[in-house]
Structures are given as C-alpha cells and as structure tokens.
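Enquirer: Can you keep this structure in mind? I'll have questions shortly.
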Amino acid sequence: MSKTNCLNCGKVLTDKFCSGCGQKADTHRITFKNFIFHDVLHGTFHLDKGILFTAKQALTRPGQAALDYISGKRKPFYNVFYLILITIGLIIFLHHYYDVLQMGKGIIIEPEKYPNEASRKIDQIFAEKSKILILLFVPFTAINSFILFRRKKLNLSEHAILAGMILLGMLLLSLIGNLLFYLRLIIDSNTLGVIINYLTISLIFFLMGYGYYNAFRNEYSKWGMTYRILLFFVMLSIEICILIFILIGIVTNWKMGTVRISPF
C-alpha cells in the first residue's frame, strides 16, 4: 500500500486527516523518543480543549450552549455525557480522599449508625447506584421541559441534550464545592462547612433555573418564563418524591414505615 493511502482503512489520502476514518495522514514510526515524549507524556498530560470549553459553557450559558450544539455547532464540544461521568467519578474520589486525609490527621470517622435496616439499605442504594440516580435527572427534566417549553419546537431527545448540559453544570458546581470543602482540613470550622454546603446547593438550584431561562427567554415573556420555571421545579419535586417512595417501598417490601434518607 502506498503512502497516499490511509494506513488504517486504506482510503486515498487527500489531506492531513483521512476522510474515511479520521486518522492522521502522518503516522510516524514509533521510536523510544517518540514513545516517551508523545505517547506517554502527551497522552498523560494533554487535556482535550473541548473539555475545558464544554465545562465553561455548562457553567456560564448552559441553555444557549445546548441550543448551539443542537443546531449543529458540535466541533468545539466534548461529549457532554462522557464529561458527566468523569465529573461524577471526580466527586466520588474527592469524597473518599477527604476521609483518607481526615484519618491521616488522626480524626476518627465513626461508622454510620442507622435507626433500622431499611435506612441502611436505602443508603446503600444511593452509594452503589449513584450514577444511575444522578442520570435520572436527564429523562425527568427532559420530559418536564418538553411539556413546558413547546414554542422552541425541540423534540424529546433535544430536550435531553439540554438537560445533560444543565446537569453537567450542576455537577461541576458540586465538584467545586467539594474542592472548597477541603479548606476544612486547614480551617477547622463547622461554620465554614455549612456555608460551603448551602452556597453550593443554592448555586446548583440557581443554575438549573438559569439554564432553562438562558435557553428559552426569547420565546416567552418574563412572567411566562417565571411561572414555567416554578412549575418545572414543582414537577421535578413530585417526580423525586415518587422515586423516593418507590425506593422506600423496595427496601421495606412495601411495608413502608420510618426510613432515614441521607443521600449526601
């Protein structure tokens, strides 16, 4: 095969990248120098620019960014749902490593005490199925926004993209909150922890509402947007209550009763 053909799929090369599979036309031979400085160092420390761009968009203009993606401007964006999973993984790691650092300082972490077996089981579900439970935000909110914001004429899948972008922004705020919580290892203050928690939660709720305002503000009046966003939160609250009711029913074999829920 000549050098004018892609070494991956065999298609004739006409540019720096193969038009068939996207591989680079210049596939140099692997040498020790190339292996160390490109494959190892570059592969380890290179951060895809799309990740930073997508993260910034999710935090500053989630609604409009989702509409840009839906309209076809997709080249600058990293896959939103991949980035959601990466962010969840980082949050879980920060939770775990915070406990490790506390134990390193000699702080004894008491094991969780549950009032009953059902409370322990539901806490276990939140721990083991956290990714699934978090991702349920997407179908719930996609259905809600599909019902409430019809003038944009987006289909349900496009509303799911919007929900994913907003969820990414919310998770990034949670990630930042978890990083700030590490200040408690330096400044031993319960007040600081409470402030960080409440500030993070407030910003998360604000971003959720702002995301939909940012996406649909040109389609409705201020009053129209206000009551739709409020109704959106009411619908989401009802859906969360139904989900919790189902979880309690599962862990109690539908006998119900008192169950303590501590997802955070």
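The values are calculated or read from the model by the stated rules, or taken from the named source; none is laboratory data. Given the structure is predicted, the values throughout are model-derived calculations rather than measurements. Cβ sites come from the backbone with ideal geometry, for glycine too, and all protein chains shown count toward neighbours. Just the protein is used for accessible areas: all its heavy atoms, side chains included, with ligands, DNA and RNA removed. Shrake-Rupley method; radii C 1.70, N 1.55, O 1.52, S 1.80 Å.
Enquirer: Using the C-alpha atoms of region 114-165, what convex hull volume per residue, in cubic angstrom, is computed?
Expert: Each residue corresponds to 84 Å³ of Cα convex hull volume.
Enquirer: In terms of modelled amide H atoms, which long-range or inter-chain residues lie less than 5 Å from the amide H of PHE17?
Expert: ALA25
Enquirer: Starting from the Cα gyration tensor of region 131-264, take the square roots of the eigenvalues, sort them a ≥ b ≥ c, and report rounded, prolate or oblate (rounded when a/c is under 1.5, otherwise prolate if a/b is larger than b/c, else oblate).
Expert: oblate
Enquirer: How would you order 15-26, 205-216, 225-236 from highest to lowest mean count of nearby Cβ atoms within 10 Å?
Expert: 205-216, 225-236, 15-26
Enquirer: Considering the options TYR213, ILE92, TYR82, tell which one lies farthest towards the positive end of the dipole of the chain, charges being +1 on Lys and Arg and -1 on Asp and Glu at the Cβ, about the Cα centre.
Expert: Looking along the dipole axis, the top candidate is TYR213.
Enquirer: Please work out whether the chain counts as rounded, prolate or oblate from its C-alpha gyration tensor, where a ≥ b ≥ c are the square roots of the eigenvalues and a/c under 1.5 means rounded, while otherwise a/b larger than b/c means prolate and anything else oblate?
Expert: The shape class here is oblate.
Enquirer: List the residues whose amide H sits under 5 Å from the amide H of ASN5, counting only those 5 or more places along or on another chain, with H placed 1.01 Å from N in the peptide plane.
Expert: For ASN5, the qualifying residues are LEU13.
Enquirer: If you don't mind, there's one more thing I want to ask. For LYS24, which aspartates and glutamates qualify as cross-link partners when the Cα separation must be under 13 Å and same-chain residues fewer than eight apart are set aside?
Expert: Those aspartates and glutamates meeting the cut-off are ASP15.
Enquirer: Along Cα→Cβ, 7 Å out, is where each label goes; now give me the distance between the ones at TYR213 and ILE238 in nm to one decimal.
Expert: Between TYR213 and ILE238, the label points sit 2.4 nm apart.
Enquirer: Another one. Calculate what fraction, in whole %, of the accessible area of the chain sits on carbon and sulfur atoms when a 1.4 Å probe is rolled over the protein chains.
Expert: Heavy-atom surface of the chain belonging to carbon and sulfur, 1.4 Å probe: 64 percent.
Enquirer: Another question, then. With n ≥ 4 as the cut-off for DSSP H runs, can you work out [θ] at 222 nm for the chain, using -39500 (n - 2.57) per run divided by the number of residues, rounded to the nearest 500?
Expert: -21000 deg cm²/dmol
Enquirer: What nm value, rounded to one decimal, do you get for the distance between GLU110 and ILE195 when each label is placed 7 Å out toward the C-beta?
Expert: Modelled inter-label distance: 2.7 nm.
Enquirer: So with the 1.4 Å probe, I'd like the accessible area per residue for the chain, rounded to whole Å².
Expert: I get 65 Å² per residue for the chain.
Enquirer: Moving on to the next point. Just to be sure I understand the rule: take each whole DSSP H helix in the chain, project its Cα atoms onto its long axis, keep it if the span is 15 Å or more and its mean Kyte-Doolittle hydropathy is at least 1.0. Which ones pass?
Expert: 80-104, 137-148, 156-181, 190-216, 222-251
Enquirer: Tell me, what is the FRET efficiency for LEU185 and THR4 to the nearest 0.05, using R0 = 51 angstrom and their Cβ-Cβ distance as r?
Expert: It comes out at approximately 0.30.
Enquirer: Where a Cα-Cα gap under 17 Å defines reach, which aspartates and glutamates qualify for LYS153, not counting those fewer than 8 residues away within the same chain?
Expert: ASP68, GLU219
Enquirer: Checking the cross-link filter: which lysines have an alpha carbon closer than 19 Å to that of LYS131, excluding same-chain neighbours under 8 positions apart?
Expert: Leaving aside lysines fewer than 8 places away in the same chain, those within reach of LYS131 are LYS121.
Enquirer: Given axes a ≥ b ≥ c from the Cα gyration tensor, I'd like to know whether region 200-264 is rounded (a/c under 1.5), prolate (a/b larger than b/c) or oblate.
Expert: Verdict is prolate for region 200-264.
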